[in-house]
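The structure appears below as structure tokens.
None of the figures in this text is laboratory data; all of them are computed from the coordinates on show. Only a predicted model underlies this, so the values are computations on that prediction, with no experimental measurement involved. Cβ atoms come from the backbone with ideal geometry, glycine included; neighbour counts cover every protein chain shown.
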Amino acid sequence: MSYEKRVCVLKQIKKGFTADGGALTGAVYAERLGSELTVTPRIAGIAPLKAGRYALAVWADGQIFCGELTGSMKIPDAPTLAHGFSALLCFVKADAQPVAYGYSAGAPQDFTLLLQAFEDTERKKTQKPKPAEPKKSEKKKEEYDDDAIAATNYYRLSEGAENEGACICAQTQDGEIEGDSDSCQDECAIPPRPVPRGTLAYYDEVRGRLEEAFKKYPRDNTLLSIFPHSEWVNSGGALLGVIYSEGLPHYLCVAAPEKVASDEMKEEGVFVPSSHFSDDEGYIIVFQSADSGDYIKPEES
């Protein structure tokens, strides 16, 4: 079974879509296994929303695919990544506004085609289906009212579906992006508070594999005295764990004794004593955010 992998770095197009008012940074990873393409965005500090939504368009071998920004995008029967790929992040409300764009290898350097695909998709959603004409043999019981039909948007997602799909932003039905109206000149997007906890996008993405590991390996209580709100299993070479906060997964962790931890683990992780009574022996622990999947050192969080 063939395997291809590509990555593109996103570059900001429009300001005002970050939680701290700075430049938006991130990358999009594309992995094609057999004929299925998995596209995973990793975007840091993106602003939560009160209205509208974020969406992603992907170009691969001349084809364009549009989807919501809800973690990984699965594309069956996808084309090859041999000629590279590109990704466009948009803020979608009444129309689509480009936020950031990235490309790799031979993919187009211009995002015009991807933006057009967004606009076409949104236009189709807002079009009213034509009412079925009554059969000649059927009697018309009441007069047809075009205005009554037009009052219903048959393609509108329910509020519940939008909220359930949001992986890095909090959405409601009215208002704009939260924040101080003087914090940015962009009248359509204003930097708000930091991304809220509890979206669990990355945790949901790896949850199946994590649950398999917790069923396969024995439980380990070594670090419970240091992290009382956690659970761990011993995979033989390392400890796998989940640290909880307010009942929700906060960090996904890998821990190894300092003496056997790899240089990579020591670079990404932090030293944690194995008990409150000793600072000499302990574990190197790598922390990943359950929301974004980013590597986090506790002193930086």
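Summary of packing: across the peptides 118-124, 92-98, 206-212, 283-289, the per-residue average of other C-beta atoms within 10 Å ranks them, highest first, as 283-289, 92-98, 118-124, 206-212. For the cross-link pairs LYS216/LYS266; LYS5/LYS125; LYS11/LYS50; LYS50/LYS216, which exceed 30 Å when the distance is taken from alpha carbon to alpha carbon? Going by Cα-Cα distance, LYS5/LYS125; LYS50/LYS216 fall outside the 30 Å limit.
Computed over the alpha-carbon pairs of segment 201-300, the distance histogram in 5 Å steps reads 3, 13, 23, 27, 22, 9, 2, 0 percent, short to long. Looking at segment 1-76, none of the chymotrypsin sites (Phe, Trp or Tyr not before Pro) sits in a DSSP loop with at most 14 other Cβ atoms within 10 Å of its own Cβ.
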